[in-house]
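A quick write-up on the structure given underneath.
The values are calculated or read from the model by the stated rules, or taken from the named source; none is laboratory data. Everything quoted here is computed from the prediction, not taken from an experiment. Because the Cβ atoms are built from the backbone with ideal geometry, glycine has one as well, and the counts that use them run over all protein chains shown. Surface accessibility is based on the protein's heavy atoms, side chains included, excluding ligands, DNA and RNA. Shrake-Rupley method; radii C 1.70, N 1.55, O 1.52, S 1.80 Å.
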Amino acid sequence: AQSVTQPDIHITVSEGASLELRCNYSYGATPYLFWYVQSPGQGLQLLLKYFSGDTLVQGIKGFEAEFKRSQSSFNLRKPSVHWSDAAEYFCAVGAVDSNYQLIWGAGTKLIIKP
Amino acid sequence: NAGVTQTPKFRVLKTGQSMTLLCAQDMNHEYMYWYRQDPGMGLRLIHYSVGEGTTAKGEVPDGYNVSRLKKQNFLLGLESAAPSQTSVYFCASTQLHPNSYEQYFGPGTRLTVT
């Protein structure tokens with residue numbers, strides 16, 4: 001069965017420090033991979049996506065993610081976080097043969113220490 | 001371009017009452033989705049539509065009905081609300097381009113059933 005795991009429910013990082021949010025997936029076909037961000041009380045906004053090609057993808061707000069097929073992972077990184085990055089982050093996986101549905105991780109809440 | 005809009009933003013229902021949530025998109029997207037978001041559970045797909053006049057069940061369809069009479073609108077109905085349906089509801093849409101089917105989200109509807 002398809003699944004997405006975000007192992008960390010909460011992560012606390014000091015402002016200016018680097019960040020890595022983990023995402024592991026289980027999917028038989030070639031996956032399409034997404035990271036979304038949700039600020040408090042808001043909808044979800046796409047940060048970045050991977051479909052094919054270069055396994056290191058750049059997104060908005062200085063985020064990047066690396067697709068590692070051998071590890072079934074798509075971890076999100078940022079070299080230096082800002083207080084405005086405090087939000088909840090969701091990883092999602094989809095494929096054409098899933099009727100374009102996305103399978104979502106449970107989310108990781110990012111807390112920024114001043 | 002308003003993107004994806006949802007009405008209402010907040011609603012409180014008593015058990016057994018009915019209501020309809022409206023989702024509208026102005027991007028001419030074919031696919032539309034209704035999700036519910038509960039703490040620690042990510043997004044769960046309720047129903048989706050692959051085009052005007054078509055709907056299909058998602059992961060958690062029980063207690064909900066949907067209709068897609070016009071391409072731009074996707075309605076979610078609760079015929080007899082239950083406290084278990086207290087949640088935040090998100091609508092999303094996507095257009096299928098090669099290498100691009102990210103979902104665009106509305107701001108959400110917070111529903112409380114007492």
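With the Cα gyration tensor of the protein assembly as shown in hand, convert its eigenvalues to equivalent ellipsoid semi-axes via √(5λ) and list them largest first in whole Å.
29, 21, 16
Quick one: Debye curve from the alpha-carbon atoms of region A:1-100 only, equal weights, vacuum; give me log10 I(q)/I(0) at q = 0.13, 0.14, 0.25 Å⁻¹ to two decimals.
Debye intensities relative to I(0), on a log10 scale: -0.44, -0.52, -1.50.
For A:Glu64, B:Glu79, give me the order by solvent-accessible area with a 1.4 Å probe, most accessible first, ignoring ligands, DNA and RNA. Before the final figure, lay out the partial values.
On the way: A:Glu64 45, B:Glu79 140 Å².
Reading off the accessible areas and sorting them downward yields B:Glu79, A:Glu64.
Compute the relative contact order of chain B as a whole-number percentage, counting only Cα pairs closer than 8 Å that sit 6 or more residues apart in sequence.
After rounding, I find 35 percent.
State, as an integer percentage, the relative contact order of region B:14-61 based on alpha-carbon contacts under 8 Å between residues 6 or more apart.
27
How many Cβ atoms of partner chains, on average, are near each residue of B:34-44 if near means within 10 Å of its Cβ?
That works out to 4 on average.
How much accessible area per residue does the protein assembly as shown have, in Å², with a 1.4 Å probe? Kindly include the intermediate steps, with their values, before the conclusion.
Working: 10710 Å² over 228 residues.
Result: 47 Å² per residue.
Roughly how much accessible area, to the nearest 100 Å², goes out of reach of solvent when A and B pair up, both sides summed, probe 1.4 Å?
The buried area between A and B, both sides summed, comes to about 1800 Å².
Determine the dipole magnitude for the protein assembly as shown: charges of +1 sit on the beta-carbon of Lys and Arg, -1 on that of Asp and Glu, nothing else is charged, the reference point is the Cα centre, and the result goes in debye to the nearest 20.
Roughly 360 debye, rounded to the nearest 20.
With only alpha-carbon atoms counted, please give the Rg and Dmax of region B:27-93, in Å.
Expressed in Å, the Cα Rg and Dmax of region B:27-93 come to 11.7, 35.
Set the Förster distance to 30 Å, then compute FRET efficiency between B:Arg110 and B:Asn1 from the Cβ-Cβ distance, nearest 0.05.
0.75
Would you mind calculating the relative contact order of chain A from Cα pairs under 8 angstrom and at least 6 residues apart, reporting the percent as a whole number? It would help to have the intermediate numbers written out before the result.
On the way: 275 pairs, mean separation 41.8, N = 114.
Relative contact order, chain A: 37 percent.
How would B:Phe10, A:Phe63 line up by accessible area, probe 1.4 Å, largest first?
Values: B:Phe10 145, A:Phe63 0 Å².
Reading off the accessible areas and sorting them downward yields B:Phe10, A:Phe63.
Quick one: net charge around A:Leu110, please, counting Lys, Arg +1 and Asp, Glu -1 for every other residue with C-beta under 14 Å from its C-beta.
+1
At q = 0.13, 0.32 Å⁻¹, what is the log10 ratio I(q)/I(0) for region A:68-114, with the Debye formula run over Cα points and no solvent?
Evaluating at q = 0.13, 0.32 Å⁻¹ gives log10 I(q)/I(0) of -0.44, -1.19.
For peptide B:104-111, compute the average count of partner chain beta-carbon atoms within 10 Å of each residue's beta-carbon.
Mean shielding count: 3.
Considering only the other residues whose Cβ falls under 15 Å of the Cβ of A:Leu19, what net charge follows from Lys and Arg at +1 and Asp and Glu at -1?
After counting each charged neighbour, the total is -1.
In whole angstrom, how far apart do the alpha carbon centroids of region A:51-102 and region B:1-78 sit?
After rounding, the separation between the Cα centres reads 25 Å.
How far apart, in nm, are two points set 7 Å out from the Cα along the Cα-to-Cβ line at B:Asn65 and at B:Leu96?
With each label placed 7 Å out from Cα toward Cβ, I get 2.7 nm.
For chain B, just list the percent of Cα-Cα distances falling in each 10 Å bin from zero outward, please.
15, 49, 30, 5, 0
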